[in-house]
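What follows is a single structure, written as structure tokens, with notes after it.
The values are calculated or read from the model by the stated rules, or taken from the named source; none is laboratory data. No experiment lies behind these values; they were computed from the predicted model shown. All Cβ positions, even for glycine, are placed from backbone atoms using ideal geometry, and neighbour counts span all protein chains on display.
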Amino acid sequence: MNNANQKKELAILGSTGSIGVNCLDVVHHHSDRFAIRALSTHSRVDEMIVQARQTRPEWVAVTGVQPSQTQMCQLEELNCQVFSGADALQTLVEQADYDMLVNAVVGAAGFLPTCRAIERNKDIALANKETLVMGGSIVMNLVAKHHVNLIPIDSEHSAIFQCLMGETPLSIETILLTASGGPFRTWNKTDIWRAKSRDALKHPNWDMGNKITIDSATMMNKGLEVIEACWLFDLAAARVKVVIHPHSIIHSMVQFIDGSIKAQLGVPDMRIPIQLAISYPNRLASNCERYDLIGGPDLTFEEPDLHRFPCLKLAFQAIESGGTAPAVMNAANEIAVQAFLQDRIGFYDISDTIDQCLQSHDLDHDPDEQSLVHADEWARQIADSLIQKQIG
Ligand code: NDP
Ligand code: MG
């Protein structure tokens, strides 16, 4: 965006997902400020075509299927240039014109496109937490080298980002990362052990994609977010504390060296952090519901239970190990969550699979981009074969 009257041009990766759709809603409400230049989907091509009719992007990418001839004709009629195949996201971010990349894909697939966009000096609005879990060191080095803004969309990190406005890094004592506790917060271990994917998909507060919803049930989501926070705010994991806050009203807090705590509050609605990320440094009006201090739920807090939710412990171990460990943990988690979603494995097989992958991994302490990609592929294969053995 070159002058104040021009619209900010967005490329949205994963536009057909939960974050993608919410982002398009924000753009629709501020159509005087934002324009869509690029969209992507993995397999929901018809949904993306509907979005393209409304937003008229010049570039689209389809990563998981080959668009049919009819779909290609429809996209051509809309004058869209279509990229397809495994590398389509990287090609799109390298070739399209846009001011900011909104990365709303799920999983490690978000890592390389983020790197390519930063190398083109593009600002990033990041929902895809797996990008930083897999390659936080590489991504943050690129951010520094290319002087781009990387603004978090994840509600906790958006909260911390807001609490840190006007503060200096040296004044931070601890980050207090809030967690809803997910659908099994009050369940005993035996019942959790028996849980099926349909139980885990009933998140109490947030309406999200399937993978992150399962991650919330295992609390791996919070583990991924601890790692994301360490990279975004340049902190050791020991300075990030997870606090269960069942109603998800406080989205996270920062405790400072003088004992002050700053928190960011609001109803659980992802359009608020998405809007801030794409409009930063401005704060725009929104008609999202307001939190009612008098009539709203009480703000309560609990300690997380690492015994019932071992994934959180595994994430702390992975970030402590460093190097390729978080990438391996993330890849094994993606494979295990997919198997759990299909009810091929049980709930605690997710953490067991990740644990075994981490234990058999030969750690690379200082990986480059290719080593991370290899570690990710290696972990997927090992996790797959462990799951095959489990189900016989
Ligand atoms: P969804 O599953 O709803 O959407 C994911 C999007 O990515 C879809 O457009 C999907 O296409 C596409 N996609 C899926 N797999 C691939 C792949 N292998 N390569 C490229 N694109 C792919 O996920 P969410 O919107 O819930 O989450 C997106 C990211 O944001 C995740 O990293 C999540 O952790 C994070 N996040 C989400 C929050 C939420 O409220 N949903 C909150 C905070 C963070 P298709 O539609 O064809 O499947
Ligand atoms: Mg979150």
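Take Gln390 and decide whether it is at pLDDT below 95 and more than 19 Å from the chain's Cα centre (by Cα).
Details: at pLDDT below 95: yes; more than 19 Å from the chain's Cα centre (by Cα): yes.
Answer is yes for this residue.
Output the number of residues of segment 339-369 satisfying the condition of being part of a helix (DSSP H, G or I) and either touching a Pro at 6+ places or on another chain (Cβ under 6 Å) or farther than 21 Å from Gly135 by Cβ (or both). Steps first, please.
Within segment 339-369, the subset part of a helix (DSSP H, G or I) is 339-341, 347-360, 369.
If we keep only those that are either touching a Pro at 6+ places or on another chain (Cβ under 6 Å) or farther than 21 Å from Gly135 by Cβ (or both) too, we end up with 339-341, 347-353, 355-356, 359-360.
Count: 14.
Taking segment 129-157 as the range and being near ligand 1 (Cβ under 9 Å from one of its atoms) and among the aliphatic types (A, V, I, L, M) as the test, only Ile153 passes.
Would you mind stating whether Ile319 is buried (at least 20 other Cβ atoms within 10 Å of the Cβ), touching a helix residue (DSSP H, G or I) at 6+ places or on another chain (Cβ under 9 Å), hydrophobic (A, V, I, L, M, F, W, C) and more than 24 Å from Asn210 (Cα to Cα)? For Ile319, the condition - buried (at least 20 other Cβ atoms within 10 Å of the Cβ), touching a helix residue (DSSP H, G or I) at 6+ places or on another chain (Cβ under 9 Å), hydrophobic (A, V, I, L, M, F, W, C) and more than 24 Å from Asn210 (Cα to Cα) - is met. Number of residues in segment 350-368 that are among the charged types (D, E, K, R) and surrounded by 14 or more Cβ atoms within 10 Å (Cβ to Cβ): the value is 3. Restricting segment 110-123 to residues that are surrounded by fewer than 24 Cβ atoms within 10 Å (Cβ to Cβ) and of a type in the set (A, V, I, L, M, F, W, C) leaves a set whose member that is nearest to Ile335 (Cα to Cα) is Leu112. Here Leu176 fits the description: of a type outside the set (Phe, Trp, Tyr), touching a Lys or Arg at 6+ places or on another chain (Cβ under 8 Å), farther than 22 Å from Ile19 by Cα and within 16 Å of ligand 2 (Cβ to nearest atom). Figure legend. Inter-residue proximity from segment 8-27: first residues under 11 Å from Ala104 (Cβ atoms), second residues acidic (Asp, Glu) and more than 6 Å from ligand 1 (Cβ to nearest atom), beta-carbon distance below 8 Å, spacing 6+ or different chains. Indicated pairs: Leu10/Asp99; Thr16/Glu47; Ser18/Asp207.
For every residue, the table says whether it meets (1) within 13 Å of ligand 2 (Cβ to nearest atom); (2) out of contact with any Ser or Thr (no Cβ under 7 Å at 6 or more places or on another chain); (3) modelled with pLDDT under 95; (4) among the hydroxyl-bearing types (Ser, Thr, Tyr).
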| position | (1), (2), (3), (4) |
| --- | --- |
| Glu225 | yes, yes, no, no |
| Trp231 | no, yes, no, no |
| Gln255 | no, no, no, no |
| Ile261 | no, yes, no, no |
| Ser286 | no, yes, no, yes |
| Leu293 | no, yes, yes, no |
